[in-house]
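These notes are about the structure you will find just below.
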Amino acid sequence: MKILAIPLLMVWGAVQAAQPLSQADTKSAMELAKNNGCFSCHSTAEKVVGPSYSSVAAKYSDDKDAVASLVQSIQYGSKGKWGRIPMPPHASLGKDDLNLLARWILTVEK
């Protein structure tokens with residue numbers, strides 16, 4: 001049974017990533033970003049401390065594993081992807097919140 005769990009989770013993640021966000025999901029993701037201090041370092045269109053969300057979306061636009069990559073960066077932080085300033089981890093966010101934030105970031109356009 002464990003052997004099937006990993007591929008099924010991968011398929012579920014790919015299906016979730018492919019689904020467009022509803023207006024409610026977009027609003028929830030923006031509130032989540034606001035409440036967790038994300039807008040202190042990021043904005044939707046311009047670089048602040050970290051890259052703009054539109055730049056992140058553009059960078060990952062052809063990456064089939066983009067949601068998983070962003071979830072990992074949000075949850076554990078990152079260093080060196082966008083310069084010398086590291087992104088702090090947001091380890092207290094749950095799996096669903098991490099997934100929602102990652103999916104939302106990938107929809108942000110300039």
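Straightening the chain between LYS64 and GLU109 buys 14.4 nm, computed as 0.36 nm per residue apart minus the Cα-Cα spacing. Put simply, the amide H of LYS47, placed in the peptide plane, has neighbours under 5 Å in SER52, leaving out anything fewer than 5 places away on its chain.
Once you order the gyration tensor axes a ≥ b ≥ c over the Cα atoms, which shape class does the range 46-97 get: rounded for a/c under 1.5, otherwise prolate or oblate by comparing a/b with b/c? It is oblate, given that a/c is not under 1.5 and a/b is not larger than b/c. Under the simplified labelling scheme, the LYS47-GLN72 pair shows an inter-label distance of 2.4 nm, with each label point 7 Å from Cα along Cα→Cβ.
Taking a ≥ b ≥ c as the square roots of the eigenvalues of the alpha-carbon gyration tensor, the range 13-110 is classed rounded because a/c is under 1.5. When each of the peptides 82-94, 98-110, 34-46 is scored by the mean number of other C-beta atoms lying within 10 Å of its residues, the order from highest to lowest reads 98-110, 34-46, 82-94.
From the square roots a ≥ b ≥ c of the eigenvalues of the alpha-carbon gyration tensor of the range 70-110, which class results: rounded (a/c under 1.5), prolate (a/b over b/c), or oblate?
Values: a/c = 3.01, a/b = 1.16, b/c = 2.61.
It is oblate, given that a/c is not under 1.5 and a/b is not larger than b/c.
Every number in this text was worked out from the coordinates using simple rules, so none of it is lab data. Being a predicted model, the structure only gives us computed values, none of them experimental. Don't worry about glycine lacking a Cβ; one is built from the backbone with ideal geometry, like all the others, and counts go over all protein chains shown.
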